[in-house]
Amino acid sequence: MKAGAVRFLFLAALLGFSLVPFWWMLVASLKRSDDQLTFGNPWWFDELYTGGYTGLFANGTFRDWMLNTALVLVGTVCISLLASALAAYALAFLSVPYSRSLVLVFFATYLVPQGVLFIPLVREMARLHLLNSPLALVATFPSLVIPFGTWVLWSFFRSLPRDLLDVARVEGASPLSLLTWLLLPLSGPALAAVGLFAVAIVFNDFLYSFTLIQSQQQTTLMAGIGLLSTDLGETGPTFAAVLLGVAPVALACAFFADSYARGLGTGILD
Amino acid sequence: MASVSYENVTKRFAGDTLAVNNLSLEVKDTEFMVLVGPSGCGKSTALRMLAGLEDITEGQIKIGDRVVNDMPPRDRDIAMVFQSYALYPHMSVYDNMAFGLKMRGTPRADIDRRVNDAAKILELGPLLKRKPRQLSGGQRQRVALGRAIVREPQVFLLDEPLSNLDAKLRVQTRIELQKQHRALHATFIYVTHDQVEAMTMGDRIAVMRDGILQQVAPPREIYDNPANMYVAGFIGSPTMNFIPVTVNGTTAKASGFELELPRAPGVEKGILGIRPEALDEHAREGHGGLDLKVEVVEVLGSDQFLYGIVGGDAITARVDPALKVAPGDRVRLGVDMRRLHLFDTESEKALM
Ligand SMILES: Nc1ncnc2c1ncn2[C@@H]1O[C@H](COP(=O)(O)OP(=O)(O)O)[C@@H](O)[C@H]1O
Ligand SMILES: [Mg+2]
């Protein structure tokens, strides 16, 4: 009983600690811009001012940022999951020579500093006429997700009982139906882990959005906030935008943390 | 309907494990063939090559008169039941059984009829909507069997399908499987490490050891005329007594007794094989009997086994359960002379 209480208090303290920044952002986003720079209670508002939000949504550019971000997010997640699943399937079940080492090589690509990749990437996007389009990000982000995704799904697939796949093959399943009927339905936690990783890549990025897209109109929420924050006169909308930018990731993490851990667990144990 | 033949089939795994070594075996159409041997002797590998789940290193396998070496599993018209049952955990019992038919594009109405028929035979009707994790071990086993039956394949491959059941259910299911075999008119190849399953179920038994086929014969024949010491020792429980003897004409002399063999084996020494059930408390003609110094007594109701020493050799005998024996007693045993075996000391092959 006593241990339970200590545990509860400890977890409650942790929870409070991690919610503080969100609360502070919420409060800040509901204050008038002028109030931000005056001294006062930073944890509470004197009046509920929603101008920051209404201002943001009235702003067509902000709506574009949201739509661009949604496009980049959906594109990245879909392409990454599809490519990772197919690659993992091939590496796990088809006779690919040196498949084990290949997975490690893919993974090792994370060791290449992003700065090195940068200039060739920009040139490539220019040649594809994708500079200044969110599609440049849809083409770029999956390359950051797929090596990790392939590794996670590969080790998850390999942890599934071999008999299960064997029996399905004898029953007449083709490689594609094996993937759609058996592997993917059983890989929920691993897919969630990869999806969450993709969400984090998209929402953590500033560098790529900022450089691949110069046009304010075409950029994403994250790079857009960067543009906003340089204008200190408009702190209310900035905080509102930050909160709206962070909330989806925070919520996704909160709900999928369990699957994330399970999806990764098999990989680490492998 | 289909026969199955292995022709000089060898399987070598990476790392130079010779899992199956030059196996030649003919399984007749609608036969119940049991592959038996200790764990690791290559039974599963032999079965998996037939199913198309492992490549064949050398030799060829035929189903009917088609060579199937390079045929994908789905085209071989076989069904397989695994020891782990390998039920799809995210599908209902119905979907588990329907999966193979669905993959082959069988019309829905047909699938429905066949699944329901199989469910009726196996008494799975009330369970069709459940998920595998909501089933007992015995029920899962029946679903695995049902999944094979609905496909109406030519050949059933069963890899230790009863090993995860408790003893009583295992006996029931054994009988059930034999009934199914008769009803289905299909060829069954059944893998087990359990010699009782092999003896009770097989039309013929193939005994394997270290990837090498030792003997193929009907159960009676394997029991009565084992080809070598290994088969003799593997089949039958408790295991056959092996007693080193020196032979002089027809006289075999062990450390603690002498026997007159029915004929001269033409060797100077050998290993005498006597099953515990060929040794009992009745005196017999032709020898002076064995003087057993009893160490352990096992009463099983229908049988009584005595474990002890004759001269310098450990001996097991099956005697009348009514006989009162205690450890330390001496019991005079007679040998059923029609059931003697003699093996060559070097090659371990049967001489008589
Ligand atoms: N995929 C594999 N890779 C390497 N060796 C294997 C593989 N499968 C089986 N073996 C080896 O082949 C031998 C026979 O195995 P198996 O056919 O499973 O035996 P059984 O079914 O009779 O217990 C064993 O020594 C086993 O370790
Ligand atoms: Mg096995």
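Here the Karplus curve 6.51 cos²θ - 1.76 cosθ + 1.60, taken at θ = phi - 60°, turns the phi angles of the stretch B:110-124 into couplings of 5, 4, 4, 5, 5, 5, 5, 4, 4, 4, 5, 4, 9, 6, 9 Hz, with x standing for Gly and Pro. Here the relative contact order of the stretch A:60-269, from alpha carbon pairs under 8 Å that lie six or more residues apart, stands at 33 percent. Counts of other chain beta carbons within 10 angstrom of each beta carbon in peptide B:85-94 average 4.
Please state the charge dipole magnitude for chain A, taken about the Cα centre, from unit charges on C-beta atoms (+1 on K and R, -1 on D and E), reported in debye and rounded to the nearest 20.
It comes to approximately 640 debye.
One compactness figure for the protein assembly as shown is 1.43, namely its Cα radius of gyration divided by 2.2 N^0.38 Å. When the charge dipole of chain B is built from unit charges on Cβ atoms (+1 for Lys and Arg, -1 for Asp and Glu) and taken about the Cα centre, the candidate among B:Val231, B:Leu87, B:Ser255 whose Cα reaches farthest toward its positive end is B:Leu87.
Peptide B:69-76 is shielded by partner chain Cβ atoms: per residue, an average of 3 of them sit within 10 Å of its Cβ. Take every pair of alpha-carbon atoms less than 8 Å apart whose residues are at least six positions apart; their mean separation over the length of the stretch B:108-263 yields a relative contact order of 11 percent. Rounded to whole numbers, the Karplus 3J(HN,Hα) couplings from phi for the stretch B:201-217 are 9, x, 5, 9, 10, 10, 9, 10, 8, 6, x, 10, 6, 8, 6, 10, 6 Hz, using 6.51 cos²θ - 1.76 cosθ + 1.60 with θ = phi - 60°, and x at Gly and Pro. Just so you know, the Cα atoms of the stretch A:60-269 work out to an Rg and Dmax of 19.3, 68 Å.
Couplings 3J(HN,Hα) of the stretch B:325-334, computed from phi: 10, 10, x, x, 5, 10, 10, 8, 10, x Hz, in residue order, whole Hz [Karplus 6.51 cos²θ - 1.76 cosθ + 1.60, θ = phi - 60°; x for Gly and Pro]. Listed by chain and number, the lysines whose alpha-carbon sits under 19 Å from that of B:Lys62, ignoring those within fewer than 8 places in the same chain, are B:Lys11, B:Lys28, B:Lys43. Over the stretch B:203-352, Cα pairs under 8 Å with separation of 6+ residues give a relative contact order of 22 percent.
Read the figures in this text as sums done on the coordinates, not as results from a lab. Since the structure is predicted, the reported quantities are computational estimates derived from the model, not experimental observations. Quick reminder, even Gly has a Cβ in these numbers, built from the backbone with ideal geometry, and neighbours come from all protein chains shown.
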